[in-house]
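Just below is one structure, and these are the notes that go with it.
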Amino acid sequence: MSRRGLLTRLALIAAGAYALTGALELAHDQPTVFVDPIDYVIEIAFVLALAASAGVLLSIARARLSGRPATVAWMVALAGNAALATAALATAIEGREALDPLFPLGFLAVVAGYLTLAVIDLRGRLVPPRAGLLLLVGFVATAAIDNLVTGGGTLVLAATWAALGRLISAPDGASERRRVTAAGASLYEGRVDG
């Protein structure tokens, strides 16, 4: 399996885990102190989603496809997702909200990373293209919608990660254009020389 295929699957795992979390949150109000097994299932699905998200961000950062500023931004977003996952895991283990100070720090790191990626994306220097804008808009919409409808925001996050999976799986436009241009030049040279 190619690296791109693995990343696509990991992004889709994140999307599926976010979708499960959101659907369960819509159907069941999770209290701050867990009383039902479903409370644990919600939190564990959220941990899985965040861990898969962090895996995708780490892999993209390590590939260093977009230069140093983007690599740093991917790592900041990764650190934020890892902090959120750590807080969620502690909550799942404790059966109540745990590591509360870590959650807002993780949230801010995610926003800072995604905002920087969006700026780099607007300049046309991000691989995959449109990923920075997608992640920023999806994350901000998630926060806004989740304040209105518990679980609704998490479903937006599921859609965001599914869309990111699609961006990762799509052929890179720049390399595709180079390949087509090189093939066209070869054909042209063959006709002129032949």
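The values are calculated or read from the model by the stated rules, or taken from the named source; none is laboratory data. All figures in this text were calculated on a predicted structure; none of them were measured in a lab. Every residue, glycine as well, gets a Cβ built from its backbone with ideal geometry; the counts of neighbours run over all protein chains shown.
Does residue 77 meet the test of being in contact (Cβ under 8 Å) with a residue 24 or more places away in the chain and in contact with a Gly (Cβ under 8 Å, 6 or more places away or on another chain)? Yes; evaluated as a whole, the condition is true for this residue. Looking across region 1-34, the residues that are part of a loop (DSSP other than H, G, I, E, B) and not β-branched (Val, Ile, Thr) come down to 1, 2, 28, 29, 30, 31, 34.
Looking only at region 142-157, residues that are out of contact with any Ser or Thr (no Cβ under 8 Å at 6 or more places or on another chain) and either surrounded by 16 or more Cβ atoms within 10 Å (Cβ to Cβ) or under 15 Å from residue 21 (Cα atoms) (or both) come to 6 in all. Residue by residue through region 141-155, note down the ones that are in a helix (DSSP H, G or I) and more than 18 Å from the chain's Cα centre (by Cα). Scanning region 141-155 gives 147, 148. The residues of region 25-58 that are crowded, with 23+ Cβ neighbours inside 10 Å and in contact with an Asp or Glu (Cβ under 7 Å, 6 or more places away or on another chain) amount to a single one, 42. Within region 101-117, residues that are within 14 Å of residue 85 (Cβ to Cβ) and at pLDDT below 95 sit with their Cβ atoms under 9 Å from residues that are of a type outside the set (A, V, I, L, M, F, W, C) and not in a helix (DSSP H, G or I), at 6+ positions apart or across chains, in these pairs: 103/97. Selection of region 79-102 for residues being of a type in the set (Val, Ile, Thr) and within 19 Å of residue 38 (Cβ to Cβ) yields 91, 93. Out of all the residues in region 47-62, is one or more at negative phi and more than 16 Å from the chain's Cα centre (by Cα)? No, there is no match, as no residue in region 47-62 is at negative phi and more than 16 Å from the chain's Cα centre (by Cα). Comparison of 65, 48 shows that the only residue that is within 28 Å of residue 168 (Cβ to Cβ) and in contact (Cβ under 8 Å) with a residue 40 or more places away in the chain is 65. Scanning region 159-170 for residues that are closer than 22 Å to residue 25 by Cα and either outside any helix (DSSP H, G or I) or out of contact with any Ser or Thr (no Cβ under 8 Å at 6 or more places or on another chain) (or both) turns up 159, 162, 163. Summed over region 28-45, residues that are of a type in the set (A, V, I, L, M, F, W, C) and in contact (Cβ under 8 Å) with a residue 60 or more places away in the chain total 2. Restricted to region 104-128, and to residues there that are within 18 Å of residue 164 (Cβ to Cβ) and of a type in the set (D, E, K, R), the residue that is surrounded by the fewest Cβ atoms within 10 Å (Cβ to Cβ) is 125.
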